[in-house]
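For reference, the structure is listed below as structure tokens.
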Amino acid sequence: MQNRRQFLKTSGKAGIAIAALPLTSKISSTSIVNLKEFQQQALPYGYAALEPFIDAMTMEIHYTKHAATYAKNLADACIAEKVDPTTTSLPELLKNISHYSPKMRNNAGGHYNHELFWQIMKPAPATTPSGKLSDAINKTFGSFDAFKTAFGDAAKARFGSGWAWLLVKNDGSLAISSTPNQDNPLMDIAETKGAPILGLDVWEHAYYLKYQNKRPDYINAWWNLVNWEYVQKKFDETNQA
Ligand code: MN3
């Protein structure tokens, strides 16, 4: 117990290695998978790797300040609200988020959303989805371009801070939604519920240094970074129709 509490105190620091955990025989491999979901993982690329679409300073501040703080505050909220990250999965926590504090909601969401956001971007990706995901997008939205327009509209229309999502709803169909603040479609309080497979951060901290008030320019540029292979992987994990 002491080990876990000690871990939670230190896990808010960005980039702590899983190998540095005070592992005991009580922590199983499933526990480690759960625990990793609650920690900030290393960025899969450098801060400058997404230039010119997202600038290095924005990436560095976004990752080391904003996102790191969500991870730290999530660890604090887990201690205060007696959530054990070795036995609870982060998606399960989000699915029951209405039973927890606003601090838990904001930071569990903030941490989950950013960990997904870093993965669904990469430098110089394939520019379009392929395979089953491409088929599902065409079937649902008419065409890939029509999907991009609808998703971009959702991102532009989100008033203030929030996210735009492509998700697989619980009935297996694809949908576009947007959520305020750090909410996401996994949450039981979300208007459109399901498994997010693509998310776009439209908080000003994600784009203001380079794009200022021009959110539509940021959205248009962001399509150059979408890691469709990863989105496909997320799609394959769901029970799509
Ligand atoms: Mn953000």
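The values are calculated or read from the model by the stated rules, or taken from the named source; none is laboratory data. Model, not experiment: these values are computed from the prediction. Here the Cβ positions follow ideal geometry from the backbone for every residue, glycine too, while neighbour counts run over all protein chains shown. Calculation scope for accessible area: heavy atoms of the full protein, side chains included, ligands and nucleic acids excluded. Shrake-Rupley method; radii C 1.70, N 1.55, O 1.52, S 1.80 Å.
For this structure, a couple of remarks:
- Taking all protein chains into account, the per residue accessible area for the chain stands at 47 Å² (1.4 Å probe).
- Amide H contacts under 5 Å for Asn227, placed H, 5+ residues apart: Met121, Lys122
- Shown for the chain: the carbon plus sulfur share of the solvent-accessible area, taken with all protein chains present and a 1.4 angstrom probe, equals 52%.
- Dipole of the stretch 15-166, positive direction: furthest Cα of Pro123, Asn96, Leu74, with charges on the beta-carbon: Asn96
- Spin-label pair Ser130/Ser89, simplified geometry with 7 Å Cα→Cβ offset, distance in nm: 2.9
- Solvent-accessible area of Lys103 with every protein chain in place, 1.4 Å probe, in Å² to the nearest 10: 90
- Of Ile197, Ile137, Ile32, the one that fluctuates the most in a GNM where the chain has Cα springs shorter than 10 Å: Ile32
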